[in-house]
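The values are calculated or read from the model by the stated rules, or taken from the named source; none is laboratory data. Source: prediction; values computed, not measured. Glycine gets a Cβ as well: all are built from the backbone with ideal geometry, and neighbour counts include every protein chain shown.
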Amino acid sequence: MTDELPPNDPLLGVVGALREGTAPRHGLVDRTRRRARRARLRARLSTAAGTLAIALVAVVLLRPREAAAGQITFALNAPASSGVSLVGDFTEWETDRVRLTPAGGDRWEVTLQLPPGRYRFAYVTDGGEWLPDPDAAPVPDDFGRPTSVLTVPTP
Amino acid sequence: MTMTRFHPTLALVLGLATPLAAQDASSLAGARSQRGAELAAVDQRLGGRFPSSVALRIHGIIDSATAEGLPAEPLVLRALEGGAKGVKADAIYVALGRLRASMRLAAQAIGLDAPASDLSTAAAALQTGLAPVRLVELRSARGTASLVVPLGAYLDLTARGAVPERAWQRVIDLARRKAEDRAYEAIDPADLVARRPEDRR
Amino acid sequence: MTPTDAALIERIAAGDSAALGMLMDRHAPALMRYATHFLQSADDADEVLQDTFIRAERAIRGGMRPDNPSGWLFRIAVNRCRSRRKRWWRLLGGEAGELVIARAADPPEVEAREWRHEIAVALAHLSTPAREAFLLKHVEGLTYEEMATITGAGVPALKMRVSRACERLRDLLKDVR
C-alpha cells in the first residue's frame, strides 16, 4: 500500500476533476460577517429570555389571544374545586409551585411569562384530578393522564 | 389558555425552571464538557422525587443519552412528569427509552447541535409518524431558525384532526416562504381535515 | 509583505475584521473544495464555511492560538461537515444501493458535466469516514499525520480507509471512462 496513486491509476482523473470548479461563492466574507452578527444578537436575546423566565405575573384582566411577548393566561372552569395548580415543564412538574387564582364563578386563572418554546402541561385540582386545558391541543401521553401542549412563538 | 399583552398587576418571582427554549444550541463538544455539571443537577432533581433505585436507573438512561450528545433536559422533564403523575417506574423507563430513541433519530435529521427544544419537538413529531426526511426538509427551509413553532403547529394541527400530509404541506410552504412564527398560528385546522375517506392518509 | 497566518490571527484577536477576510480568502478555497465534495452540495458547503470561520473567529477572540492554522481550520470544517452529513446522508438513502452508471455519447462539455456527476455519485457511495479520508488524502494532498490530527483517527486506520475508498471508486467508475 503506497501513499500516492500510481501514474496510470484511473483515479488520477477523478482527483483532477475533484480539484476543479469548487471556488468559494462570491461574498463569502460579508455573508459570514452578517451571520456572525445575527448569531451574537440571538445569543443576547436568548440570555434576555432566560432572565424573563423567572418572572411569574398574575393578571386579573383576561384579554383575547393577540400580540404577546410570551404572556400566557392559563384558565379553566373547575366547578366545586377548592384550588387548582398548574403543572408542566415550566414548573419541573412540581404540583404546588404555580397556583391559579379565582376569577369569578368557577373560573381559575394564572398568567405566566414564558420564553418561546413548546411546553407540556396540565392542571391538577386540590382533589387530585388531572385536567387538560380546554383550548390547547391534546397530546398523546405516555402516562395515561390528560396532558396539553403549548407553543409560544417568537414575538 | 390565552396569550395576552403585558399587563402587570402583581409580579411574583418564583424561580421557574429555565425552559428548553432558553438553552443555547451548544456544540457536541460543549455539551459533553457540560455533562458533569448537568448530571449533578439531574441527580439532585431526580433524587428528591424518586426512590434512590428508580432515580439511579433513570440517571443511567439519561447518562447514556448525554454520552451520545443528546440533551438531558427533555428526558429529565419527562421523568419528572411521570413522577408527578404517580405512574409506575416501568412506565417511566419505557417513556424515556422512546424519547431517547426519537431524539436520536431527530438528531440525525437536524444535527446533534440543534437546541434541546428543537430536538424534543422533532422527537414528538417523529413519534406521531412524521418521516425523518421531513425534518431534513424543514431544517433546510428554516435555515438557522428554531423548528419549534413549525413543528408545534404541525403537531397541533394533526392533533385537531388535520390530514397529516395536508398539514405538513401548509407548514413547509410557510417555512419555505420564510414566514414569521405568527403565520403558523393562523393556520386553520378546519381547512385541512379530511372531507372524504380517501383524503385521510 | 504578505502577513503570516499567525499574524492575521493576532490581528483578528485584536478585533481587525479585515484580517479575518484575508484569512478566509487564503483558506476558503481548499475548505470549500473539501466541503463541497464531502457534502455533495455547494449550498451546504457554503454554510459550513461560514460556520467554520465564525467558530474560528470566536475561538481566536477567546484566546485560541493554533500551531497549524490551516490544519486547525480544516479540523473545524471536517467536524462541521460530519455533523451536517449526519442530518442528510442517513436519511436520503445512505450508503445502500447499487450504483448504475450509463454512459452516453455526448458532446465534450456535457460529457465533462456528467463525468463530474458520476464521480459525485460514486463518492456518495463511500462510507462517511472513507470519503473523508479519500478527499483529505488525494484531493487536498495532506499527509497521513496531518489527517490524523484533523480527524482524530490513527494513521493505520486512515491508510486502510483511503485504500478501501480507492478500491471502491475504481470499481464504481470502471465502466465509465
Checklist entry - Name the residues in the stretch C:134-158 that are within 15 Å of the chain's Cα centre (by Cα), within 11 Å of another protein chain (Cβ to nearest Cβ), more than 19 Å from C:LEU39 (Cβ to Cβ) and among the β-branched types (Val, Ile, Thr), would you? => result C:THR143
Checklist entry - Within the stretch A:93-140, how many residues are charged (D, E, K, R) and within 8 Å of chain B (Cβ to nearest Cβ)? => result 6
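Residues are listed down the side, and each one gets a yes or a no for (1) under 23 Å from B:ALA107 (Cα atoms); (2) at pLDDT 50 or above; (3) of a type in the set (Asp, Glu):
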| site | (1), (2), (3) |
| --- | --- |
| B:LEU16 | no, no, no |
| B:PRO19 | yes, no, no |
| B:SER26 | yes, no, no |
| B:SER33 | yes, no, no |
| B:PHE50 | no, yes, no |
| B:TYR93 | yes, yes, no |
Item to check | helices (runs of 4 or more DSSP H) enclosed by the stretch B:93-201 - at least 2 residues per element that are over 24 Å from A:PRO138 (Cβ atoms) | outcome: B:132-142, B:164-176
Next on the checklist: Can you find, within the stretch B:78-99, the residue that is nearest to the other protein chains (Cβ to nearest Cβ) among those that are in contact (Cβ under 8 Å) with a residue 24 or more places away in the chain and under 13 Å from B:HIS59 (Cα atoms)?
Outcome noted: B:LEU80
Item to check | Residue tally, condition part of a helix (DSSP H, G or I), within 12 Å of B:ILE92 (Cβ to Cβ) and not β-branched (Val, Ile, Thr), over the stretch B:49-58 | outcome: 2
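How do the helices (runs of 4 or more DSSP H) wholly within the stretch C:1-111 filter down when requiring 1 or more residues that are at pLDDT below 90: which remain? Explain how you work it out, then say what you get.
Numbers: elements: C:5-13, C:17-39, C:42-61, C:69-88.
Counting at least 1 such residues, we get C:17-39, C:42-61, C:69-88.
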Checklist entry - From B:PRO71, B:PRO115, which residue is under 21 Å from A:ARG118 (Cβ atoms), buried (at least 21 other Cβ atoms within 10 Å of the Cβ) and touching a helix residue (DSSP H, G or I) at 6+ places or on another chain (Cβ under 7 Å)? => result B:PRO71
